[in-house]
Amino acid sequence: MQKPPLILIVGPTAVGKTELSIQLAQSLNGEIVSADSRLFYCGMDIGTAKPSPAEMARVPHHLIDIVKPDETLSLAVFQQKAQAIIMDIRARGKLPFLVGGTGQYIRAVTEGWTPPEVVPDIRMRDELGRMKEERGVNWLHEKLALLDSEAAEKIDARNFRRTIRALEVIFTTGRKFSEQRGRGDSPYQLITVGLNRPRAELYQRVDERIEKMFGDGLLDEVRDLLNQGYSPTLPSMSAIGYRECVSVVKGELNTEQAKAEMKRITRVFVRRQANWFKESDPTIRWFHPEENSLTEIEEFIRNALKSQVL
């Protein structure tokens with residue numbers, strides 16, 4: 001039985017995936033499934049560069065604004081939701097596009113990952129959380145790097161929830177976290193488009209995006225979240241931009257210092273994203289906006305779809 005096609009759009013943050021995916025979905029009768037873990041949260045719009053209402057009105061989007069900032073969405077639950085939505089899109093005769101920069105979430109859907117079946121150990125999590133508070137999130141991430149360098153390379157040091165989960169699995173099973181993601185055959189016939197730009201141009205786009213976030217009211221967005229009672233220690237509030245703005249609100253940083261820190265950390269994040277999707281990967285067809293037109297990318301997808309039908 002032939003596997004259903006799934007268009008996968010990957011690439012680093014600020015590269016231009018949002019506009020490209022919308023234009024392609026419009027041309028190819030598609031719908032977009034977000035695989036960006038930052039876009040799950042309601043009320044966290046500016047700091048996550050969430051597609052605007054006008055952009056989302058151009059083509060249906062899924063898995064955006066699905067949980068509150070104090071709620072969590074596990075990898076397994078995301079996987080189930082994404083696969084159900086992709087099936088529904090196909091059933092309605094449309095083409096699904098999976099779009100994002102969160103490699104772990106994308107791989108869970110496209111490679112049929114089976115997340116480690118380790119029951120959460122609340123006491124261990126509490127102890128690891130206490131160690132994070134005493135010694136800092138970077139110290140915790142350094143311990144993960146010693147035990148499992150591959151896992152540490154792909155987990156943002158600021159994402160302490162994932163760091164703690166990886167350590168929990170390692171301590172419980174005695175095996176590396178990176179070796180326990182059971183993988184099966186992909187349930188889809190993947191057509192993968194990678195979007196990239198020269199690193200200097202990408203960094204410039206990142207800087208411009210961050211300046212625009214502050215101009216659009218990022219500080220007010222963070223103040224509003226805090227006024228609603230959301231704790232600054234929530235995992236969602238550790239996302240790039242939110243933690244820095246909390247520091248501004250507390251008087252620990254000024255606005256320019258916050259911007260500089262966001263730009264620095266986002267560059268680290270861009271480099272980490274490259275560990276998930278490499279230009280040397282033969283399963284990804286890479287395009288560069290300064291060289292390749294939208295028409296070329298659309299033609300590549302159409303030809304790939306035709307070859308699958310044949």
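Look through Ser34, Ser74 and report the one residue that is small (Gly, Ala, Ser), in the same structural domain as Val222 (by TED's automatic domain parsing), surrounded by 15 or more Cβ atoms within 10 Å (Cβ to Cβ) and within 14 Å of the chain's Cα centre (by Cα).
Exactly one of Ser34, Ser74 is small (Gly, Ala, Ser), in the same structural domain as Val222 (by TED's automatic domain parsing), surrounded by 15 or more Cβ atoms within 10 Å (Cβ to Cβ) and within 14 Å of the chain's Cα centre (by Cα), namely Ser34.
Do we have Glu291 as among the acidic types (Asp, Glu) and closer than 21 Å to Ile46 by Cα here? Give the steps one after another, and end with the answer.
Numbers: among the acidic types (Asp, Glu): yes; closer than 21 Å to Ile46 by Cα: no.
Here the answer is no, as Glu291 does not meet what is asked.
If Val33 satisfies all but one of (1) touching a Phe, Trp or Tyr at 6+ places or on another chain (Cβ under 9 Å); (2) in a helix (DSSP H, G or I); (3) of a type outside the set (Ser, Thr, Tyr); (4) modelled with pLDDT of 95 or more, what's the number of the condition it fails?
Among (1) touching a Phe, Trp or Tyr at 6+ places or on another chain (Cβ under 9 Å); (2) in a helix (DSSP H, G or I); (3) of a type outside the set (Ser, Thr, Tyr); (4) modelled with pLDDT of 95 or more, the lone unmet condition for Val33 is (2).
Please verify whether Ala76 is at pLDDT below 95 and not in a loop (DSSP other than H, G, I, E, B), treating the condition exactly as stated. Please lay out each step first, then the result.
Working: at pLDDT below 95: yes; not in a loop (DSSP other than H, G, I, E, B): yes.
Considered against the rule, which asks whether it is at pLDDT below 95 and not in a loop (DSSP other than H, G, I, E, B), Ala76 comes out as yes.
Is there any pair linking a residue in region 255-273 that is not assigned by TED's automatic domain parsing to the domain that holds Ile9 to one that is buried (at least 17 other Cβ atoms within 10 Å of the Cβ) and outside any helix (DSSP H, G or I), with Cβ under 9 Å and at least six apart or on different chains, and which?
Once the first residue is not assigned by TED's automatic domain parsing to the domain that holds Ile9 and sits in region 255-273, no partner that is buried (at least 17 other Cβ atoms within 10 Å of the Cβ) and outside any helix (DSSP H, G or I) comes close enough.
Can you find a residue that is within 25 Å of Pro69 (Cα to Cα), assigned by TED's automatic domain parsing to the domain that holds Arg264 and assigned to a loop (DSSP other than H, G, I, E, B) anywhere in region 193-216?
Yes - at least one qualifying residue is present in region 193-216.
Taking Gly43, is it at pLDDT 95 or above, part of a loop (DSSP other than H, G, I, E, B) and within 26 Å of Ala304 (Cβ to Cβ)?
Numbers: at pLDDT 95 or above: yes; part of a loop (DSSP other than H, G, I, E, B): yes; within 26 Å of Ala304 (Cβ to Cβ): no.
No; evaluated as a whole, the condition is false for this residue.
What is the number of the single condition among (1) more than 28 Å from Asp220 (Cα to Cα); (2) polar (S, T, N, Q); (3) in the same structural domain as Arg264 (by TED's automatic domain parsing) that Ser149 does not meet?
Failing condition for Ser149: (3).
What single numbered condition from (1) in contact with a helix residue (DSSP H, G or I) (Cβ under 7 Å, 6 or more places away or on another chain); (2) in a helix (DSSP H, G or I); (3) buried (at least 18 other Cβ atoms within 10 Å of the Cβ) fails to hold for Ser236?
(1)
Restricting attention to region 10-18, does a residue exist that is assigned by TED's automatic domain parsing to the domain that holds Ile265, hydrophobic (A, V, I, L, M, F, W, C) and surrounded by fewer than 21 Cβ atoms within 10 Å (Cβ to Cβ)? It would help to see each step written out before you state the result.
Applying the first criterion (assigned by TED's automatic domain parsing to the domain that holds Ile265) to region 10-18 yields 10-18.
Narrowing the set further to residues that are hydrophobic (A, V, I, L, M, F, W, C) leaves 10, 14-15.
Next cut, surrounded by fewer than 21 Cβ atoms within 10 Å (Cβ to Cβ) only: none.
No - not one qualifying residue is present in region 10-18.
Does Leu253 satisfy the criteria of being of a type outside the set (Lys, Arg), in a loop (DSSP other than H, G, I, E, B) and on the phi < 0 side of the Ramachandran plot? So that I can check it myself, show each step before the final result.
Values: of a type outside the set (Lys, Arg): yes; in a loop (DSSP other than H, G, I, E, B): yes; on the phi < 0 side of the Ramachandran plot: yes.
Criteria met by Leu253.
Output the number of residues of region 215-269 satisfying the condition of being over 24 Å from Arg130 (Cβ atoms) and among the small types (Gly, Ala, Ser).
6
Please determine whether any residue of region 253-260 is among the β-branched types (Val, Ile, Thr), under 14 Å from Ile210 (Cβ atoms), surrounded by 17 or more Cβ atoms within 10 Å (Cβ to Cβ) and modelled with pLDDT of 90 or more.
no
The values are calculated or read from the model by the stated rules, or taken from the named source; none is laboratory data. Everything numeric here is computed off the predicted structure, so don't read it as measured data. In this analysis, Cβ positions are derived from the backbone assuming ideal geometry, glycine residues included, and neighbour counts consider all displayed protein chains.
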